[in-house]
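Student: Right, I'll just put the structure down here and ask away after.
The values are calculated or read from the model by the stated rules, or taken from the named source; none is laboratory data. Quantities reported herein were computed from a predicted structural model and do not represent experimental measurements. For neighbour counting, all protein chains shown are included, and Cβ atoms are generated from backbone atoms with ideal geometry for every residue, glycine included.
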Amino acid sequence: MIAGAVERRTWDTAAALDAIKSGRPVVLTGCPLHQRVVGRWTFSHLARAFDGSEKLNIHLAPANESASSFERVYATGLNASQDCDVKGTSFREFFKDLLPELLPPRDGTRPPVRRYLSAPLLRARPASSAVSSSGGAPPSALRPALRDSFQCCHSGDIEEDLQSLVDWDWLEEVQGHLFATGAGSFNSCHMWAGAGGGSTPVHFDALSNFLAQVSGTKRVLLFPPSESFKLYPYPVSHPKTTYAMVDLR
């Protein structure tokens with residue numbers, strides 16, 4: 001079933017743009033979207049950038065004592081274990097609680113619970129979501145600048161970071177090409193963070209997205225839509241409706 005590696009293209013080539021416009025998975029090398037964030041967004045920096053009033057979703061999962069990996073579960077009440085849940089806290093508190101996972105394990109033992117943060121950073125302003133009466137994207141003359149179409153979900157220096165460090169010009173250029181194909185507009189930006197070793201069960205995302213790796217590495221295994229039912233997806237009415245039952249481990 002594995003066909004090979006996802007194609008890699010230099011970000012400013014015609015081949016990269018063709019992959020984006022066609023909806024094919026592609027790795028964009030040298031992409032400027034988040035380059036000014038890389039090396040700056042450390043845990044300690046983000047603990048200062050958020051003002052402390054935020055309530056971010058921290059996913060808790062039981063650790064595997066015999067390995068450095070753990071499985072992330074994205075919902076409250078999906079497991080009987082009290083160690084597998086979601087709680088809301090500030091980034092500073094998350095960083096404080098995460099420190100034992102970031103440090104080398106003492107006597108070979110690891111923390112019993114692993115943490116993983118999932119936080120919205122930007123959301124589209126309502127006016128920027130409008131479409132024309134014909135159902136397509138609004139004409140470019142009627143669309144506000146992409147940077148002005150979003151608002152930060154949190155207070156503090158994180159808002160300035162997002163306004164000044166993200167390459168909004170590149171993102172707006174890409175969105176213009178996507179509008180031409182009939183695709184919708186960008187509507188949100190999320191951040192995920194942890195000490196590493198987390199694996200997400202087989203699932204699908206409802207929307208297309210750009211995955212911008214700020215630090216560390218991430219391995220992604222993609223399946224074509226034609227293979228969906230071979231992965232035994234949960235029923236639509238199930239709490240895990242976006243997940244599959246097959247365990248690739």
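Student: Take the residues in segment 95-111 that are among the basic types (Lys, Arg) and part of a helix (DSSP H, G or I), then tell me which one is surrounded by the fewest Cβ atoms within 10 Å (Cβ to Cβ).
Tutor: Looking at the filtered set, the residue picked out is Arg106.
Student: Also, I was wondering about something else. Using the structure shown, decide if Leu222 is touching a residue at least 40 places away in the same chain (Cβ under 8 Å), more than 18 Å from Pro120 (Cα to Cα) and assigned to a loop (DSSP other than H, G, I, E, B).
Tutor: It is true that Leu222 is touching a residue at least 40 places away in the same chain (Cβ under 8 Å), more than 18 Å from Pro120 (Cα to Cα) and assigned to a loop (DSSP other than H, G, I, E, B).
Student: Please work out which one of (1) closer than 30 Å to Arg36 by Cα; (2) at pLDDT below 85; (3) of a type in the set (A, V, I, L, M, F, W, C); (4) exposed (fewer than 15 other Cβ atoms within 10 Å of the Cβ) is the condition Leu221 fails and give its number.
Tutor: Of everything listed in (1) closer than 30 Å to Arg36 by Cα; (2) at pLDDT below 85; (3) of a type in the set (A, V, I, L, M, F, W, C); (4) exposed (fewer than 15 other Cβ atoms within 10 Å of the Cβ), Leu221 misses just condition (2).
Student: Please find, among Gly198, Gly184, the residue that is surrounded by 13 or more Cβ atoms within 10 Å (Cβ to Cβ), under 27 Å from Phe94 (Cβ atoms), modelled with pLDDT under 90 and not basic (Lys, Arg).
Tutor: Gly198
Student: For residues in segment 1-18 being within 16 Å of Val220 (Cβ to Cβ) and touching a strand residue (DSSP E or B) at 6+ places or on another chain (Cβ under 6 Å), which is modelled with the highest pLDDT?
Tutor: Arg8
Student: Restricting attention to segment 28-42, and to residues there that are part of a loop (DSSP other than H, G, I, E, B) and of a type in the set (A, V, I, L, M), which single residue is nearest to Gln163 (Cα to Cα)?
Tutor: Checking each candidate, the answer is Val37.
Student: Quick one: which of Ala193, Ala244, Ala212 is surrounded by 11 or more Cβ atoms within 10 Å (Cβ to Cβ), aliphatic (A, V, I, L, M), over 19 Å from Pro25 (Cα atoms) and within 13 Å of the chain's Cα centre (by Cα)?
Tutor: So the residue among Ala193, Ala244, Ala212 that is surrounded by 11 or more Cβ atoms within 10 Å (Cβ to Cβ), aliphatic (A, V, I, L, M), over 19 Å from Pro25 (Cα atoms) and within 13 Å of the chain's Cα centre (by Cα) is Ala193.
Student: Find all pairs meeting these conditions: Cβ atoms under 6 angstrom apart; at least six residues apart or on different chains; first residue within segment 1-27 and in a strand (DSSP E or B); second residue among the charged types (D, E, K, R).
Tutor: Close Cβ pairs (under 6 Å, with a partner that is among the charged types (D, E, K, R)) amount to Val27/Arg8.
Student: Would you please name the residue that is modelled with the highest pLDDT, looking only at residues in segment 232-249 that are within 22 Å of Gly4 (Cβ to Cβ) and in a loop (DSSP other than H, G, I, E, B)?
Tutor: My answer is Val246.
Student: Which numbered condition in (1) of a type outside the set (D, E, K, R); (2) in a loop (DSSP other than H, G, I, E, B); (3) surrounded by fewer than 16 Cβ atoms within 10 Å (Cβ to Cβ) is the only one that Phe229 fails?
Tutor: So the condition that Phe229 fails would be (2).
Student: Determine which member of the set Phe70, Phe94, Phe50 is aromatic (Phe, Trp, Tyr) and at pLDDT below 95.
Tutor: On inspection, the qualifying residue turns out to be Phe70.
Student: Moving on. Within segment 1-41, take every residue that is β-branched (Val, Ile, Thr) and under 30 Å from Phe229 (Cβ atoms) and give me the one that is surrounded by the fewest Cβ atoms within 10 Å (Cβ to Cβ).
Tutor: Once the filter is applied, the top-ranked residue is Ile2.
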